[in-house]
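The values are calculated or read from the model by the stated rules, or taken from the named source; none is laboratory data. Every value quoted in this text rests on a predicted model; they were computed, and no experiment measured them. So basically every Cβ, Gly included, is an ideal-geometry build from the backbone, and we count neighbours across all protein chains shown. All accessible areas refer to the heavy atoms of the entire protein, side chains included, with ligands and DNA or RNA removed. Shrake-Rupley method; radii C 1.70, N 1.55, O 1.52, S 1.80 Å.
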Amino acid sequence: MEEVDVEPTITNIPALRRGKHMGFAWGQGNIFVYETLFKATGATGSGSPFIHEVRKDEDIYSPILRKLFNESHHIFVGLQTIREDLPSKNKKPQFVSISKNYRSVIRACMEELQQVAVSTKNAEMSVQYGNQVSILLAIELIWNLCEVLFIDAAPAGSLLLHLLDWVRLHKADVDEKARDVLQSDSPAEHRDYWDVVVSYVLQGRLDEARQMLGKKATLTPAANNIYKMMDNLLSKMPFYNPGGTQTLTEFDVKWRHWHEEVDRCLQDNSFASNQHLEVICKILLGDEDTLLEHKDLLGTWYHFLVSRLLFCHPTVKPTELHYYAQSCMTMFLDSRSAPEPLDSILLAAFEFDIHQVIKDCSIALNNWWFVAHLTDLLDHCKLLQSHNLHFGSNLREFLLLEYASGLFTHHSLWQLAVDYFDHCLEFGRVYLELQIERVPLDTERKALKVLRICEQRQMSEQVRSICKIMAMRALRNNRLGSALSWSIRAKDAAFATLISERFLQDYCAKGTFSDLDLIDNLGPAMLLSDRLTFLGKYREFHKLYGEKRFKEAAKLLLSLMTAKIAPRSFWMTLLTDALPLLEQKEVIFSADQTYELMFCLEELTSSLNTPSSDSDKSMQEEDVELTKVELLRLALSRNLAMAIVKEGTVET
Amino acid sequence: MESINAKYVSQKISKTRWCPVSYSSLQQPEVFATGSWDNEDNKVSIWSIGNHNNSGLEDGFEGDPQILCEHKHGGDVLDLQFLDQERMVSASSTGAVTIFRYHPNTHTISVLQHWARAHSYPCDNAPCTALVCSSPEIVTVGEDGRIVVFRADQEGAVRVIENADSSTIHAVTYLKTTEVLTVNSIGQLKLWDLRQQSSSPSQILSLSGDRAPLHCVDRHPNQQHIVATGGQDGMLCVWDVRQGGTPISLMEAHSAEMWEVRFHPTNPDHLFTCSEDGSLLHWETASHSEMPSFLQGGRNSSVISHGALTPAGGNRPLSSAWLCGDSGKGCLETTHMLPSQTMSVNSLDIIGQCLVCGTDGEAIFVNRHVPV
């Protein structure tokens, strides 16, 4: 067995009393925990009457995060339908745009959570929302970096530009500060003025930095010269243009020239009179000590990394990144503070260790949403092929299954999970089969939706089981028609037989049929079971009889017995039904038909006379039976006589 | 497609209904109601697409639905209808029927009337599947096969037809003021004359063949004898109840259950359907003859396949024999109104140029510029 990466977290169940033993039962995404009376000798005393539910994934129950699940489901399904056969060159922009879609959904969710966190009056909720925001922030940060490094896979030159965008997006407090400064009466005198300028420079937003500097320059005409010089340096800093004609080497030469020029300015103490400008100059040179002095403005080691790359190694190659990342992290973080999970995840990303990123995220984050979707996207980019798990199918499928199983435990989100299972080729179907049967069915409409899911996937076993549940429920409420419809839909012959039996019993008891609208319109469904066929045909007999089409009725009645469609137990009823036909003035049963009827009656009576059957019958009942048989015999012989006479008579 | 506007609402939407506007004012509707299903706590909610607080410019563009108020609803909302501009009636999976009152000034909802077990079995709940109102009368139907008539101002039921159907009644609509039509799960349409005291329908129409269950029905707004139904197989059927028997025309519309069909209330050459397959279709008959094109096929009904997989937004004229055949005048065109969707569209409503629909993907779509 593999070792665990981290110690499992402990969940305290507050209501459980100390010193008591605990029993538990696994649910789908939860565990039921209860107190047990465990004693070595004879359990006595009272236990706690409570059962506690421990849920694995609370995030699913957040109404705002539900939007994330729903919107990302839509993107996920779109991603699965990207055609395999497209050349990979055409696919990359699609993957990048899908990745951006995912991120924008995260952002939208985050913004809404932020608003709610601010507006809510409940302090506890506010903290909870705040936590969710910070988790989403981290998720988006990691996702964005993965997009730059793995999905977009930017080459040297443009790599840095992407990383700059990444840092700018996630260090947006500069803009807030800048707004404060600019809105004040005299921006250049504002307390945060220089912080803003330096922050702009650190993020490579040099035009904005120049505009800011301009405000100061107009205030101090005496120092106008050095401001001009700085403005000049900033304006001349070259940036790589990936779309342009310039090669990377040409850019490198140009950048070195600029770098030397900055260095010269520093050497001849041009900025000695203004310490702020001197600091900026040092930053432009990429001086590590100066950069590290602005830890509070940088905020994070990865900002430090990107700023350092910007001013020292603007043409950094993807393969060199890990070296700089590692050194920046050690330089930036104090030896005292250990790197947090987020730091190690980002570092793993810079090292291009995708599996480590996914693994660390799975451990650090409390939901499967992120890892499942990211892994799926990376898998589509063909970045995960080399890795095999010791269990299950592959990493993508494993994570998707975990995520989807979590969704399935939710009373409402289970519908989303179906599409995720569909796109897990190896085990998805098995999971779905097991889960779908366990969806509680409150209404027929919900049952129909679940059925549709099963029928689309040819899951006939589940279709039968769902229909049976619905049929049983209808039967329990004495809705025979409904129950029959359900069993017809499931093509469940045994159950249809059972219900037909009930219909016939009802008929025997009441003398009338219920639910005629259904039975009269059975159509081909009648052939589902013998008993159902009989029910339908027997009703047809009544209809013919009612319409006074006696000949046809008689023929049908006889055929029900001779073709063995009617159950033996019902023959007596059928023969009794024949009585009025036999007693009609005109001859309805022909001589041959009468013989057959007689044969049926004899067969029936001989089987009735077996000693086992008469033991528990009361004398009275037996009397009634006997009278019936006598009456029938009489009617049959009279009819036979009439029929022979009629058939023997030559029409003149 | 630009004019369609999606909003995720964190609840699966089972019904969407515009709050009625007075026809004389020629106003576009601004307020609609939704009902949710399959949640732990279901709700009836009122939304507005107007700019009430003028904050529209800041977040989201104009017409983004904003929630005005909501009210808890016991059980799934299986149907929702406006009785008038301030009162709406809901049908619940618990069998209850409730009249809510919406106060437009204070943006609150209160319960006016609640019939707890309008539909029920002796020892179990029977979901109330659909209802139709014509103020003050409310007709409800349920899985228990009953038809119940209520009056908004009376405590008890005015009329109960026990065993009106042996299977589940899925939908109901008025034909005339005293006549309702129900559709059931064995493919039958039943006409009920509420003046008669008998508990059997005055007429039964049914599909031939495998009797696919019917899930929705709507009556032509001007010609009371024409009704459209949608069923489990996604087929759209148009019936002439005067001619009885079988449908006048059958059209293959969707690849799964059709949940709702709706004639445009003022321009009935347009018809809208939505389905479990996640699509919302706009049907338009470009007929210039006096007779509505739905009826031009005569009695010999034929099945028209238009291929439910028409790309989203693509128009595809249906040059079919039964419509264009003899006269060459009629023509039917269908348009997909939603971008590619996977989750079921459960409900739709249209007034004027405004269409609203709700999905199992927990989204509400509003289109304010439907070309009708």
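Go through A:Ala372, A:Trp414, A:Leu141 and say which Cα lies farthest out towards the positive end of the charge dipole of chain A; charges sit on Cβ, +1 for Lys and Arg, -1 for Asp and Glu.
Of the candidates, A:Trp414 comes out farthest on the positive side.
Rounded to the nearest percent, how much of the accessible area of region A:158-316 (1.4 Å probe, protein heavy atoms only) is carbon and sulfur?
C and S fraction of accessible area: 46 percent.
Quick one: buried accessible area between A and B, total over both chains, 1.4 angstrom probe, nearest 100 Å²?
What A and B bury together is about 3700 Å².
When the Karplus curve 6.51 cos²θ - 1.76 cosθ + 1.60 is applied with θ = phi - 60°, which whole-Hz ³J(HN,Hα) does each residue of region A:498-513 get, with x for Gly and Pro?
4, 6, 4, 4, 4, 4, 5, 4, 4, 5, 4, 6, 9, x, 10, 8
Dipole magnitude of region B:112-237 about its Cα centre, charges +1 at Lys/Arg Cβ and -1 at Asp/Glu Cβ only, in debye to the nearest 20? Don't skip to the end; give the middle numbers.
Working: 9 positive and 13 negative charges, 52 e Å.
The dipole of region B:112-237 has a size of about 240 debye.
Per DSSP helix of 4 or more residues, -39500 (n - 2.57); summed, then divided by the residues of the protein assembly as shown. What does that give at 222 nm, rounded to the nearest 500?
Details: 31 runs with 420 residues, N = 1024.
Result for the protein assembly as shown, helices only: -13000 deg cm²/dmol.
If amide hydrogens are placed 1.01 Å from N in the peptide plane, which non-local residues have theirs closer than 5 Å to the one on B:Gln188?
Amide H to amide H, under 5 Å and 5 or more residues apart or across chains, B:Gln188 pairs with B:Leu214.
Counting pairs on different chains as well as pairs 8 or more places apart, how many Lys pairs in region A:158-316 have Cα atoms under 28 Å apart?
28
For every other residue with a beta carbon closer than 12 angstrom to the beta carbon of A:Gln246, add +1 if it is Lys or Arg and -1 if Asp or Glu, then tell me the sum.
Spelling it out: positives minus negatives among the neighbours equals -1.
Could you pull out the trypsin sites (Lys or Arg not before Pro) across region A:94-135 that fall in loop regions by DSSP (anything but H, G, I, E, B) with no more than 11 other Cβ atoms inside 10 Å?
A:Lys121
Roughly how compact is the protein assembly as shown, stated as its Cα Rg over 2.2 N^0.38 Å to two decimals?
It is 1.24.
Can you return the lysines within cross-link range of A:Lys510? Criterion is Cα-Cα under 28 Å, with same-chain partners fewer than 8 residues away left out.
Here the lysines satisfying the reach criterion relative to A:Lys510 are A:Lys468, A:Lys537, A:Lys543, A:Lys548, A:Lys551, A:Lys555, A:Lys564, A:Lys617, A:Lys628, B:Lys190.
Read phi for every residue in region A:536-552 and hand back ³J(HN,Hα) as whole Hz from Karplus 6.51 cos²θ - 1.76 cosθ + 1.60, θ = phi - 60°, with x for Gly and Pro.
Coupling constants for region A:536-552: x, 5, 5, 5, 4, 4, 4, 5, 4, 4, x, 8, 6, 8, 5, 4, 5 Hz.
Can you list residues whose amide H is under 5 Å from B:Gly145's amide H, if they're 5+ apart or on another chain and H is modeled 1.01 Å from N?
B:Ile169
With charges only on Cβ, +1 for K and R and -1 for D and E, what is the dipole size of chain A about its Cα centre, in debye, rounded to 20? Walk me through the intermediate numbers first.
Values: 70 positive and 88 negative charges, 285 e Å.
It works out to roughly 1360 debye.
What does the charge add up to near A:Gln462, with Lys and Arg as +1, Asp and Glu as -1, over the other residues with Cβ less than 14 Å from its Cβ?
Every neighbour counted, the sum reads +4.
Hey, can you grab everything whose amide H is under 5 Å from the amide H of B:Gln113? Only 5+ residues off in sequence or another chain; H modelled, so Pro and N-termini drop out.
The list, which skips near neighbours in sequence, is B:Ile99.
Considering only A:Phe239, A:Gly214, A:Trp166, whose Cα is most displaced toward the positive end of the charge dipole of region A:158-316, charges sitting on Cβ of Lys, Arg (+1) and Asp, Glu (-1)?
Value: A:Phe239.
Would you please give the FRET efficiency between A:Gln584 and B:Gln243, computed as 1/(1 + (r/R0)^6) with r the Cβ-Cβ distance and R0 = 41 Å, to the nearest 0.05? Intermediate values should be presented prior to the final figure.
On the way: r = 39 Å, r/R0 = 0.95.
That gives a FRET efficiency of 0.60.
At 0.36 nm per residue, minus the direct Cα-Cα distance, what do A:Leu434 and A:Asp165 gain on full extension? Give it in nm, one decimal, please.
Taking A:Leu434 through A:Asp165 to full extension adds about 92.3 nm, to one decimal.
Dividing the Cα radius of gyration by the Kirkwood radius, what Rg/Rh value follows for region A:158-316?
0.95
Measure off, as a whole percent, the carbon and sulfur share of the 1.4 Å-probe accessible area of region A:361-440, all protein chains present.
The nonpolar share, carbon plus sulfur, comes to 54 percent.
FRET efficiency for A:Lys236 and A:Ser104, Cβ-Cβ distance as r, R0 = 41 Å, nearest 0.05?
0.70
Quote the FRET efficiency, to the nearest 0.05, computed for A:Leu292 versus B:Ile67 with a Förster distance R0 of 56 Å and r equal to the Cβ-Cβ distance.
Using R0 = 56 Å, I get an efficiency of 0.65.
Taking the Cα atoms of region A:275-338 alone, what are Rg (to one decimal) and Dmax (as a whole number) in Å?
Over region A:275-338's Cα set, Rg and Dmax evaluate to 11.9, 37 Å.
Rolling a 1.4 angstrom probe over the protein heavy atoms, how many square angstrom per residue are accessible across chain A?
Per-residue value: 51 Å².
Take peptide A:452-459, look around each residue's Cβ out to 10 angstrom, count Cβ atoms belonging to other protein chains, and average those counts.
On the way: counts 6, 2, 0, 1, 4, 0, 0, 0.
Across the residues of A:452-459, the mean count of other-chain Cβ atoms within 10 Å is 2.
So what are the ³J(HN,Hα) numbers for region B:177-191, from phi and the Karplus equation (6.51, -1.76, 1.60; θ = phi - 60°), rounded to whole Hz, Gly and Pro as x?
For region B:177-191, the Karplus-derived couplings read 5, 10, 10, 10, 10, 10, 10, 10, 8, 10, x, 10, 10, 10, 9 Hz, x marking Gly and Pro.
Which of the lysines could be linked to A:Lys91 by a straight reach, that is with a Cα gap under 25 Å, when you skip same-chain ones fewer than 8 residues away?
Hits, sequence-local ones excluded: A:Lys100, A:Lys317, A:Lys382.
In nm, to one decimal, how far is the A:Ser186 label point from the A:Thr120 one, both placed 7 Å along Cα→Cβ?
Those two pseudo-labels are separated by 4.5 nm.
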